[in-house]
Amino acid sequence: MHALGMPPERLRDAERTRAEILEVATAEFAERGYSGARVDEIADRTRTTKRMIYYYFGGKEQLFIAVLERAYSQLRDAEQTLDVDHLDPLRAIRELAELTFDHHERHPEFLRLVAIENIHRAEHIKRSSVLTSINTRAVDLIARILRRGREQGAMRRDVDPLDVHMLISAFCVFRVGNRHTFQAIFGRDLGQRSRRPHYRRMLGDIVVAYLTSDGDAPTPRSRRTTRASTRA
């Protein structure tokens, strides 16, 4: 008997059922939003019942929170596969940016879920006991890369890891999330396969350029003022 009082086979069945519900619920919430999604529809598309969904998750709100936790965890787990402690810091930050680029492209439903949660002013994320700790891992990973980069003299010293996270996310989210409006306005498809290597490399170039720019140096005006005061 399993420690939870459930035979191993039944436990595996429960885990499979829960995973199937989350997979279908992710598509339902991403397509219809939180308000438009229906638990009845999720039950119809899975090998279970509405009652069983409530048994596993407690209700629609708890199910949506579980969907968000799963979506964020998938990205954070992917980031942890990078061996950043043994890569050159600039190579590591570029690979992290490229991994985020790839993940957002493969999981447009993740961006729709995030957009939906922003419409609801993150009320569901605030009720999650794990989402903050899950996403702290992303900033901690960047901080490790920046620390090694500064130690080697390869990166500027005045960079906030959260700013770097925002910079990477902003590019990836815009490219996927604004694809249709951008194409309608400018006639360019940001998802066009032939442009993909260009945008992927562009993101890495932007992040590396920011981290290696002379951020601590005084502005040209400040330098002129300094020279003038020295002559005086």
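A few points about this structure:
- A single entry from Ala217, Ala143 fulfils the requirement of being of a type outside the set (Asp, Glu), at pLDDT 95 or above and either out of contact with any strand residue (DSSP E or B) (no Cβ under 8 Å at 6 or more places or on another chain) or at negative phi (or both): Ala143.
- For region 132-162, the tally of residues that are part of a helix (DSSP H, G or I), more than 16 Å from Thr81 (Cα to Cα), open to solvent by 60 Å² or more (accessible area, probe 1.4 Å) and in contact (Cβ under 8 Å) with a residue 12 or more places away in the chain stands at 1.
- Residue count, region 103-131 (criterion: in contact (Cβ under 8 Å) with a residue 40 or more places away in the chain, exposed (fewer than 15 other Cβ atoms within 10 Å of the Cβ) and either within 16 Å of Val207 (Cβ to Cβ) or of a type in the set (Asp, Glu) (or both)): 0
- Residue in region 61-74 that is of a type outside the set (Phe, Trp, Tyr), open to solvent by less than 60 Å² (accessible area, probe 1.4 Å) and closer than 30 Å to Arg156 by Cβ present: no
- The residue pairs whose first member lies in region 190-204 and is open to solvent by less than 70 Å² (accessible area, probe 1.4 Å), whose second member is part of a loop (DSSP other than H, G, I, E, B), and whose beta carbons are closer than 9 Å, counting only pairs six or more residues apart or on different chains, are Leu190/Asn178; Tyr199/Leu190.
- Being at pLDDT 95 or above, open to solvent by 40 Å² or more (accessible area, probe 1.4 Å) and in contact with a Lys or Arg (Cβ under 8 Å, 6 or more places away or on another chain) is a description that applies to Phe182.
- Condition check for Thr46 on (1) within 15 Å of Lys60 (Cβ to Cβ); (2) part of a helix (DSSP H, G or I); (3) polar (S, T, N, Q): one failure, at (2).
- Taken over region 49-60, the residue count meeting the criterion of being open to solvent by 40 Å² or more (accessible area, probe 1.4 Å) and assigned to a helix (DSSP H, G or I) is 7.
The values are calculated or read from the model by the stated rules, or taken from the named source; none is laboratory data. Note that the coordinates shown come from a computational prediction; the quantities given were computed from them, not determined experimentally. Note that each Cβ is placed from the backbone with ideal geometry, even for glycine, and that neighbours are counted across all protein chains shown. When the accessible area is computed, the model is the full protein with side chains, heavy atoms only, and any ligands, DNA or RNA have been set aside. Shrake-Rupley method; radii C 1.70, N 1.55, O 1.52, S 1.80 Å.
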